[in-house]
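Participant: First, the structure itself, so that you have it in front of you.
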There are 2 protein chains.
Amino acid sequence: MSTPDWTVHFPGLRKLEPSIGRPLVENSKVVKLAAGTRIFGPGQSPEAYLLLLDGTVRVQQVSETGREIVLYRVSAGESCALTTACLMGYEEYQAEGVAETDVQAVAIPRTTFDELIARSAEFRRFVFTAFSMRVTNLFKIIDEVAFSRVDIRLAQKLLELADSQGRVALTHQQLASELGTAREVISRQLHEFQRRNWISATRGEISLVSIKDLQKLAGAP
Amino acid sequence: MSTPDWTVHFPGLRKLEPSIGRPLVENSKVVKLAAGTRIFGPGQSPEAYLLLLDGTVRVQQVSETGREIVLYRVSAGESCALTTACLMGYEEYQAEGVAETDVQAVAIPRTTFDELIARSAEFRRFVFTAFSMRVTNLFKIIDEVAFSRVDIRLAQKLLELADSQGRVALTHQQLASELGTAREVISRQLHEFQRRNWISATRGEISLVSIKDLQKLAGAP
DNA sequence: TGTCGTATGTGACGAAGTCACAAAGCACTG
DNA sequence: CAGTGCTTTGTGACTTCGTCACATACGACA
């Protein structure tokens, strides 16, 4: 990973500085984390507010039986809702965060964070709008997990995760984790999609054949 | 409902005033809502920050098919996490809030709210610790809905909702709403609990007979 | 005592999760 | 290129959960 120009990757940061009155990274460290690093997990407490400069972090919950559900991803220019919540509420993490790619982030220590919150309306707005958007999304996840059928959710996920060529490079297990269900369930649903000629699949990759039909199932508005 | 002394019902409020420099209710209204009132619902946007003086508000999500799940309750001395999130993120409500009892609340308009957030560290702390504790709880709900069995969750709910005599005055339908499942599922589970002599039930009320066994199933730590 | 609305019981069935394996697919190695 | 080992995918049998369509039962009140 090359050293990025963080004013590009994280344009909001520089913009904040006038309102803060000094470089935002003062008192803070830029940390680098290799892909796969577990950044935080249940039982730990955050010591710093993290602003991602580059890479993505996956935040997920893991059940006792080993099933997983992806709650959200944090990418460049964003901050982690859970960290915000735990920092402000002095609580422990409920979920775990894993670096999906190599990651660079600004770590703002709690005291500096508190000070910035107090001093800068811009910073507050930045932090809280990001936070509340995540929370809004959590409500959506609860709704889907509690009430929505797996085939519909799978169709939505495939459409959401497909690249520009309509390909999704994930294993069945990874898709199951995205939706918080079991691998076998995904395998069977994908089989059904394949039978209907909506997708074609090879080991570790799925190609969307009929995006239109998938959208119809997904309830495209 | 008698007019309550809100310094009793909401002790944190008075304590905040020195740091704010004037009565907190200035620019704000005390609103009264009858039990059963729908306070907000999906698609609406909040116009004011609500601090409950008396009563409780139930926040729940309703599926297309009519199933419901209770996300949390707001009671005297607290504020609604969802309102906070929507207010800060300028978003619409994702869930609905219903007054479970008659309710009195202080409605702080957005501009005053913003000003208080800027001016008072105490107020910020009050708002955000409450907020983040709710969010933490949302994570727990996702975990339970996605990964936990209904019998276990039901046992937990019964223990949580029982009064000092071990009685739960709810219908099967209401319990189903608490857990986000179907009424029939609850009826059958309660039947099984009854068969094992863990509970006894009459129309609209359940008595816990063997709290110990319920705790064991609930996985009491 | 009858009537009506709400609450609960039940069978049948479909959808989803679990368990225990079997069978490919792929990389690496000798 | 055959063999080996790991990962990914397939499958059947079974349990749990959700849905649908009713049947009963209870309790308040005329």
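The values are calculated or read from the model by the stated rules, or taken from the named source; none is laboratory data. Predicted, not measured: the structure shown is a model, and the values here were computed from it. We place every Cβ from the backbone using ideal geometry, glycine too, and count neighbours over all the protein chains shown.
Participant: State all residues of the stretch B:65-93 that are over 13 Å from the mean Cα position of the chain (by Cα) and either closer than 13 Å to B:Val135 by Cβ or free of Cβ contacts under 8 Å to residues at least 40 places away in the same chain (or both); if no residue qualifies, say none. Walk me through it before giving the result.
Facilitator: Narrowing the stretch B:65-93 to residues over 13 Å from the mean Cα position of the chain (by Cα): B:65-68, B:84-93.
Those that are over 13 Å from the mean Cα position of the chain (by Cα) and either closer than 13 Å to B:Val135 by Cβ or free of Cβ contacts under 8 Å to residues at least 40 places away in the same chain (or both): B:Thr65, B:Gly66, B:Thr84, B:Ala85, B:Met88, B:Gly89.
Participant: Same structure, new question: When A:His191 is evaluated against the numbered criteria (1) away from DNA strand D (no atom under 11 Å from the Cβ); (2) farther than 21 Å from A:Ile69 by Cβ, which criterion, by number, is the only one it fails?
Facilitator: It is condition (1) that A:His191 fails.
Participant: Looking at the structure I just gave you, is A:Gln94 within 11 Å of chain B (Cβ to nearest Cβ) and away from DNA strand D (no atom under 13 Å from the Cβ)? Reasoning before the result, please.
Facilitator: Working: within 11 Å of chain B (Cβ to nearest Cβ): yes; away from DNA strand D (no atom under 13 Å from the Cβ): yes.
It is true that A:Gln94 is within 11 Å of chain B (Cβ to nearest Cβ) and away from DNA strand D (no atom under 13 Å from the Cβ).
Participant: Which residues, counting only those in the stretch A:118-146, are within 15 Å of A:Arg73 (Cβ to Cβ) and among the basic types (Lys, Arg)?
Facilitator: A:Arg134, A:Lys140
Participant: Filter the stretch B:154-177 down to residues that are within 18 Å of B:Trp198 (Cβ to Cβ) and among the polar types (S, T, N, Q) and give me whichever is farthest from the chain's Cα centre (by Cα). Explain how you work it out, then say what you get.
Facilitator: Going residue by residue through the stretch B:154-177, those that are within 18 Å of B:Trp198 (Cβ to Cβ) are B:154-163, B:165-170, B:172, B:175.
With the extra rule that they be among the polar types (S, T, N, Q), the set shrinks to B:156, B:165.
Values: B:Gln156: 16, B:Gln165: 22 Å.
Checked the stretch B:154-177; the qualifying residue farthest from the chain's Cα centre (by Cα) is B:Gln165.
Participant: When you go through (1) closer than 30 Å to B:Val135 by Cα; (2) within 16 Å of DNA strand C (Cβ to nearest atom) one by one for A:Met133, which number turns out not to apply?
Facilitator: Here A:Met133 clears every test but (2).
Participant: Every residue in the stretch B:38-70 that is of a type in the set (S, T, N, Q) and closer than 22 Å to A:Asp143 by Cβ, please.
Facilitator: Passing the criteria: B:Gln44, B:Ser45, B:Gln60, B:Gln61, B:Ser63, B:Thr65.
Participant: Here's something else I'd like to know. Which residue, of A:Glu78, A:Glu96, A:Glu64, A:Glu68, is surrounded by 18 or more Cβ atoms within 10 Å (Cβ to Cβ) and within 16 Å of DNA strand C (Cβ to nearest atom)?
Facilitator: Working: A:Glu78 fails: within 16 Å of DNA strand C (Cβ to nearest atom); A:Glu96 fails: within 16 Å of DNA strand C (Cβ to nearest atom); A:Glu64 fails: surrounded by 18 or more Cβ atoms within 10 Å (Cβ to Cβ).
Testing whether each residue is surrounded by 18 or more Cβ atoms within 10 Å (Cβ to Cβ) and within 16 Å of DNA strand C (Cβ to nearest atom) leaves just A:Glu68.
Participant: Then there's this: Going by the conditions given, is B:Ile206 within 14 Å of DNA strand C (Cβ to nearest atom) and either within 14 Å of chain A (Cβ to nearest Cβ) or in contact (Cβ under 8 Å) with a residue 40 or more places away in the chain (or both)? Give the derivation first.
Facilitator: Values: within 14 Å of DNA strand C (Cβ to nearest atom): yes; either within 14 Å of chain A (Cβ to nearest Cβ) or in contact (Cβ under 8 Å) with a residue 40 or more places away in the chain (or both): yes.
So B:Ile206 passes the test.
Participant: Could you tell me which of the residues B:Glu192, B:Glu178 is more than 8 Å from DNA strand C (Cβ to nearest atom) and in contact with a Lys or Arg (Cβ under 6 Å, 6 or more places away or on another chain)?
Facilitator: On the way: B:Glu192 fails: in contact with a Lys or Arg (Cβ under 6 Å, 6 or more places away or on another chain).
Result: B:Glu178 is the single residue among B:Glu192, B:Glu178 that is more than 8 Å from DNA strand C (Cβ to nearest atom) and in contact with a Lys or Arg (Cβ under 6 Å, 6 or more places away or on another chain).
Participant: Here is a further query. I need the full set of residues from the stretch B:181-202 which are charged (D, E, K, R) and touching a residue at least 12 places away in the same chain (Cβ under 8 Å), in order please.
Facilitator: Keep residues of the stretch B:181-202 that are charged (D, E, K, R), which gives B:183-184, B:188, B:192, B:195-196.
Of everything in the stretch B:181-202, those that are charged (D, E, K, R) and touching a residue at least 12 places away in the same chain (Cβ under 8 Å) turn out to be B:Glu192, B:Arg196.
Participant: Can you tell me which residue among B:Ile206, B:Ile186 is outside the structural domain of B:Gln61 (by TED's automatic domain parsing), among the β-branched types (Val, Ile, Thr) and in a helix (DSSP H, G or I)?
Facilitator: Working: B:Ile206 fails: in a helix (DSSP H, G or I).
Answer to the selection: B:Ile186.
Participant: Another one. Given the criterion more than 29 Å from B:Ala176 (Cβ to Cβ), facing chain B (nearest Cβ under 8 Å) and crowded, with 17+ Cβ neighbours inside 10 Å, identify the matching residue among A:Phe128, A:Phe123. Break it down stepwise before answering.
Facilitator: Numbers: A:Phe123 fails: facing chain B (nearest Cβ under 8 Å).
Within the list A:Phe128, A:Phe123, the selection yields A:Phe128.
Participant: Also, quick follow-up: Provide a single number: the residues in the stretch A:100-136 that are among the charged types (D, E, K, R) and either outside the structural domain of A:Val30 (by TED's automatic domain parsing) or more than 29 Å from A:Gly36 (Cβ to Cβ) (or both).
Facilitator: Step one: list which residues in the stretch A:100-136 are among the charged types (D, E, K, R), which gives A:100, A:102, A:110, A:114-115, A:119, A:122, A:124-125, A:134.
With either outside the structural domain of A:Val30 (by TED's automatic domain parsing) or more than 29 Å from A:Gly36 (Cβ to Cβ) (or both) added as a condition, the list becomes A:114-115, A:119, A:122, A:124-125.
Total satisfying the criteria: 6.
Participant: I'd like the full set of residues that are at positive phi and either at pLDDT 95 or above or crowded, with 22+ Cβ neighbours inside 10 Å (or both), limited to the stretch B:30-56.
Facilitator: Let us first name the residues in the stretch B:30-56 that are at positive phi, namely B:36, B:43, B:55.
If the condition is that a residue be at positive phi and either at pLDDT 95 or above or crowded, with 22+ Cβ neighbours inside 10 Å (or both), then B:Gly55 is the only one that fits.
Participant: Something else: Going through the stretch B:148-165 one residue at a time, which ones are without any contact (Cβ under 8 Å) to a residue 40 or more places away in the chain, within 14 Å of DNA strand D (Cβ to nearest atom) and either away from chain A (no Cβ under 14 Å) or outside any loop (DSSP other than H, G, I, E, B) (or both)?
Facilitator: Scanning the stretch B:148-165 gives B:Val150, B:Arg153, B:Leu154, B:Lys157.
Participant: (1) closer than 25 Å to B:Ala95 by Cα; (2) within 12 Å of DNA strand D (Cβ to nearest atom): which one isn't true of B:Ala201, the others all being true?
Facilitator: Single failed check for B:Ala201: (1).
Participant: Continuing with this model, one more query. Go through A:Val168, A:Val185 for me and flag whichever is over 30 Å from A:Ala85 (Cβ atoms) and more than 10 Å from DNA strand D (Cβ to nearest atom).
Facilitator: On the way: A:Val185 fails: more than 10 Å from DNA strand D (Cβ to nearest atom).
Only one candidate qualifies: A:Val168.
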